[in-house]
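Beneath this line is the structure, given in structure tokens, with notes to follow.
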Amino acid sequence: MDRGGDRDKLLFPLIHSRKRFLIRLRQDRHLIYQGQPLDVLEIARGCPLLYLESII
């Protein structure tokens, strides 16, 4: 989903149904990860990239 997909109305049903999803967030968002509020960029930097493509 594009920005705006992180609204409670859309996000919570995905979490509760245990669906896999990807939502583009603004850089100034903070999420709770392992009980700690973290900047989304900190979380993203720790995610492994199984597939990576570059278009130039």
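Quick notes on this structure:
- Our compactness index for the chain, the C-alpha radius of gyration over the empirical 2.2 N^0.38 Å, is 1.26.
- Calculated FRET efficiency for the pair Arg18/Leu50, C-beta based, R₀ 22 Å, to 0.05: 0.65
- Distance in nm between pseudo-label sites at Val40 and Arg7 (7 Å out along the Cβ direction from Cα): 1.5
- Cα-centred dipole magnitude for the chain, charges only on beta-carbon of K, R (+1) and D, E (-1), debye, nearest 20: 240
- Using θ = phi - 60° and Karplus 6.51 cos²θ - 1.76 cosθ + 1.60, couplings along region 35-49 (whole Hz; Gly, Pro as x): x, 10, x, 10, 5, 4, 5, 4, 5, 4, 5, x, 8, x, 9
- Taking the average, over residues, of other Cβ atoms within 10 Å as the packing measure, peptides 28-34, 44-50 rank 28-34, 44-50 from highest down.
- Ordering Leu25, Leu11, Tyr51 by the projection of their Cα atoms onto the charge dipole of the chain, which places +1 on the Cβ of Lys and Arg and -1 on the Cβ of Asp and Glu, puts Leu11 at the extreme positive end.
Taken together, the values in this text are just the output of simple stated rules run on the coordinates, not laboratory data. None of the values given here were measured: they were computed from a predicted structure. Note that we place each Cβ from the backbone using ideal geometry, even for glycine, and neighbour counts take in every protein chain shown.
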